[in-house]
Amino acid sequence: MKLESYWLDTRPAFRQGCEGPVQGRADVVVIGGGFTGLSAALELASRGVQVVVLEAGQIAGEASGRNGGQCNTGLAHDYASLAEKIGAPQAKAFYRAYESAVATVDSIVATHHIDCDFVRTGKLKLAAKPQHFAGLAKTYEVLRREVDQNIELITPERIRDEVGSDGFFGGLVQRNGAQMHMGKFGVGLALAAVRNGARIFEHAAVTGMKRLGGERYEVTSARGTIRADRVLVATGASQLGPFQWFRRRIAPVGSFIVVTEPLPKEQLDRLFPTRRAYVTTRHIGNYFRVTPDDRLLFGGRARFAMSSPKSDSKSGEILRAGMASYFPELANVRLDYCWGGLVDITADRLPRAGQHEGLFYSMGYSGHGVQMSVHMGRVMADVLYGSAAMNPWRELEWPAMPGHFGHAWFLPLVGAYYRMQDILH
């Protein structure tokens, strides 16, 4: 079993990064070579902007290349509950933003001919307890009435038409969902940005920032120093660099994934006949999907801990047990991959984008970042040049988390709380 991301291990190499030192100046420096940064670089470069991307490691090597491979409409919230909390108009606007985000990914894949196994199969949210179906039914009614006609409620009696398991009690299909190969998409996005004129520097961790006035900054990296008229911070949950202001506002929560050996098509047809992207209703839930080469990817918040080889291995065993509880016939299949990554979770689980001390930023996607990161990269290209109204999250305040100074010491407490919620509800 490899303790590395299946997406990163099976993607083509990216060899178009810049050689030599980081130096001179740029119209825009993007800090972070994940989906947000690469999407912004592509959009900016296509408009003739001189853009430089500084990535601490490899492009799309962290959250962008370590997630579950789902690209769905849907917030990190139950829509009905969110509408009750913040009001239907704003909840609807946020839902529409995610709907637009899926379309953005689809558009970029098609326009730039990115070979990444992109397919629209929809997302199926699965009731993990009998009582959870009532909540899905309520969400279904609110969604159909207010914002999304393209959904379907799957009753408990029909759930085996969707997934071959006795562990689920109905579900909600959102048809606008998609899935793709994260590693291939990341490389394809980077190549498209380079073809349009962006310069990408890997292994160029930012170590210093000096404000020169207004939005102008001098950015120091492991490969040299560059001056920029504007800077976009797209670092997500990264623990590197002089970005303490952002780290105090994000909880870096570990998410873990295993991928099985290739499985027989007849078995996959029986267990996952519709090949959807699946997610369960538990607080500490699971998500899963079939990969392009007929493996099962199965992930979740197995442990509220940071990712490391030891932590990943422990999480892998927890995920194996969870997979077997839903699909007993998979209890003894070989696991070929196991890995973890950090999710950049905000206190209210809504993204944040805007400007702080002259720096532009977009992050905090809270586990729903595949589509929103790509979308916000494109949006921030507008925001950087005066179109702040394009940013759907512009009116959200972003206070620091009380007692949080970058190291998420409170994660075990959060995990204990959510485990208790799953027991009680």
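Rule-based calculations on the coordinates, nothing more; no lab input. This is a predicted model, so every value here is computed, not measured. Here the Cβ is made from the backbone with ideal geometry for all residues, glycine too, and neighbour counts use every protein chain on show.
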Next item on the list: May I ask you to evaluate 6.51 cos²θ - 1.76 cosθ + 1.60, the Karplus curve with θ = phi - 60°, for each residue of segment 379-385 and list the ³J(HN,Hα) values in order in whole Hz, giving x for glycine and proline?
Entry: 4, 5, 4, 6, 4, 4, 10
Check: What's log10 of I(q)/I(0) for segment 6-414 at q = 0.12 Å⁻¹, Debye sum over Cα points only, no solvent?
Finding: -0.94
Check: Per-residue HN-Hα couplings for segment 332-349, Karplus 6.51 cos²θ - 1.76 cosθ + 1.60 at θ = phi - 60°, whole Hz, x for Gly and Pro?
Finding: 10, 5, 6, 9, 8, 9, 8, 7, x, x, 9, 9, 8, 9, 8, 4, 9, 6
Margin query: If a paramagnetic tag sat 7 Å from the Cα of THR10 along the Cα-Cβ line, which residues of segment 174-202 would have the backbone N under 16 Å from that point?
Written below: 179-187
Next item on the list: Could you list which residues have their amide H under 5 Å from that of LEU359, counting only those 5 or more apart in sequence or on another chain, with H placed in the peptide plane?
Entry: none
Note to self: As a test, work out the antiparallel percent of DSSP beta bridges whose residues both lie in segment 6-414, rounded to the nearest 5.
What the structure shows: 70 percent
Check: Counting only residues 5 or more places away or on other chains, whose amide H sits under 5 Å from the amide H of HIS181 once H atoms are built in the peptide plane?
Finding: ASP117, PHE118
Next item on the list: Return the calculated 222 nm mean residue ellipticity for the chain, to the nearest 500 deg cm²/dmol, obtained by summing -39500 (n - 2.57) across DSSP H runs with n ≥ 4 and dividing by the residue count.
Entry: -10000 deg cm²/dmol
Note to self: If amide hydrogens are placed 1.01 Å from N in the peptide plane, which non-local residues have theirs closer than 5 Å to the one on GLN50?
What the structure shows: ASP27, VAL28
Next item on the list: With a Förster radius of 41 Å, plug the Cβ-Cβ distance of ARG349 and GLU261 into 1/(1 + (r/R0)^6) and report the FRET value to the nearest 0.05.
Entry: 0.75
Note to self: Please compute the length gained on full extension between SER100 and ALA321, using 0.36 nm multiplied by the number of residues separating them and subtracting their Cα-Cα distance.
What the structure shows: 75.9 nm
Notebook entry, point to check: What list of ³J(HN,Hα) values in whole Hz, one per residue of segment 8-25 in order, does the Karplus curve 6.51 cos²θ - 1.76 cosθ + 1.60 (θ = phi - 60°) give from phi, with Gly and Pro shown as x?
Noted result: 6, 6, 10, 9, x, 6, 9, 10, 9, x, 6, 8, x, x, 7, 7, x, 9
Item checked: Degrees separating the helix 411-424 axis from the principal Cα axis of the chain, which is the longest one -> 30 degrees
Checklist line | FRET efficiency for ARG211 and ALA137, using Cβ-Cβ distance with R0 set to 41 Å, rounded to 0.05 | finding: 0.20
Next item on the list: Eight or more residues apart or on different chains, and alpha-carbon atoms under 17 Å: count the Lys pairs in the chain matching that.
Entry: 6
Next item on the list: Please work out how much length the chain gains when fully extended from ALA110 to ALA88, using 0.36 nm per residue of separation minus the C-alpha to C-alpha distance, in nm with one decimal.
Entry: 4.6 nm
Checklist line | Peptide ranges 163-170, 148-155 listed from the most packed, as the mean C-beta count within 10 angstrom indicates | finding: 163-170, 148-155
Check: Roughly what would the spin-label model give for ASN150 and ARG47, points 7 Å off Cα along C-beta, in nm?
Finding: 2.7 nm
Check: Could you give the distance between the Cα centres of segment 283-357 and segment 106-173, to the whole Å?
Finding: 19 Å
